[in-house]
């Protein structure tokens, strides 16, 4: 049996914003990976799928990132845990991840300009970046839930 | 890592999978059900929705048993189970309609089922964070 930590009530809304944003961020990334994976594998409908991946990055991943990151700052300011190692994992993943998301969005946009062909190397790069980001976010979820250190 | 750490990590990871599956199905419901999009998103969407749904329920009950402060019959946990049943109840026909083109749902019905599933999932998240009555 485990004693659960009871949170002060005023931490709940910032936590909801942070977790909700993170869930939407990962969900949009899964759509990017599924769409770009299919576009790379198949010829028919590849342009449509590449456009979907680009739109999911631009209209799903980036706005969700802003919500997740704003929620993170809000909850950290409430908890006063700026220097905890698990918070550091979250910051590293979020800030490094943003760079990869921007690179993936630019590559996906370039892939949509190729015409009706498969997205080729650009699409494969977006797929790899999406996979790396999903792995990094899995580590962040582990750090946020288990709070090592 | 303790049992509690494992249960909490996997419970939250399952919730992320559930929302990811819902998002993939939502793209098909609201973004046009073109054959290429269906091929790309139906299988991962349904798999994530199902695995995430079973994971949050089983691991959530496991947490309620493991943690001294909670019991599986607490109001906020029973409320979560009701919301889970609602989401699963509408997710079944929605998934079937998207998976099998011959059993496709009318667009309005598919949108209605998706909105109910999304609302129940959002309320589940609110319930898990705020734990009313705990």
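Worth pointing out:
- Residues satisfying the criterion are present in region B:65-83 (criterion: surrounded by 14 or more Cβ atoms within 10 Å (Cβ to Cβ), in contact with a strand residue (DSSP E or B) (Cβ under 7 Å, 6 or more places away or on another chain) and over 25 Å from residue A:25 (Cα atoms)).
- Meets criteria (crowded, with 21+ Cβ neighbours inside 10 Å, touching a helix residue (DSSP H, G or I) at 6+ places or on another chain (Cβ under 7 Å), more than 26 Å from residue A:113 (Cβ to Cβ) and at the interface with another protein chain (Cβ under 9 Å from one of its Cβ atoms)) for residue A:23: yes
- Leading residue by the ranking (surrounded by the fewest Cβ atoms within 10 Å (Cβ to Cβ)) among those in region A:79-120 that are out of contact with any helix residue (DSSP H, G or I) (no Cβ under 9 Å at 6 or more places or on another chain) and farther than 30 Å from residue A:15 by Cα: A:113
- Flag for residue B:102 being assigned to a helix (DSSP H, G or I), in contact with a helix residue (DSSP H, G or I) (Cβ under 6 Å, 6 or more places away or on another chain) and closer than 15 Å to residue B:38 by Cβ: no
- From the list A:10, A:44, the lone residue that is over 30 Å from residue A:118 (Cα atoms) and modelled with pLDDT under 95 is A:10.
- Residues in region B:70-77 include at least one that is within 14 Å of chain A (Cβ to nearest Cβ) and part of a helix (DSSP H, G or I).
- Residue ID - farthest from residue A:142 (Cα to Cα), chosen from residues in region A:59-88 that are at pLDDT below 95 and within 12 Å of chain B (Cβ to nearest Cβ): A:75
- Of all residues in region A:34-58, those satisfying the criterion of being farther than 19 Å from residue B:45 by Cα and more than 8 Å from chain B (Cβ to nearest Cβ) are A:43, A:47, A:58.
- Identity of the residue in region B:1-53, without any contact (Cβ under 8 Å) to a residue 40 or more places away in the chain, outside any helix (DSSP H, G or I) and farther than 25 Å from residue A:139 by Cα, that ends up farthest from the other protein chains (Cβ to nearest Cβ): B:32
- Single match in A:99, A:107 (criterion: at pLDDT 90 or above and under 17 Å from residue A:55 (Cα atoms)): A:107
- Only helices (runs of 4 or more DSSP H) whose full extent lies in region A:30-149 are considered here, and the ones with at least 1 residues that are more than 27 Å from residue B:49 (Cα to Cα) and more than 19 Å from the chain's Cα centre (by Cα) are A:62-79, A:85-112, A:120-146.
The values are calculated or read from the model by the stated rules, or taken from the named source; none is laboratory data. Small disclaimer: the values here were computed from a predicted structure and weren't measured. For neighbour counting, all protein chains shown are included, and Cβ atoms are generated from backbone atoms with ideal geometry for every residue, glycine included.
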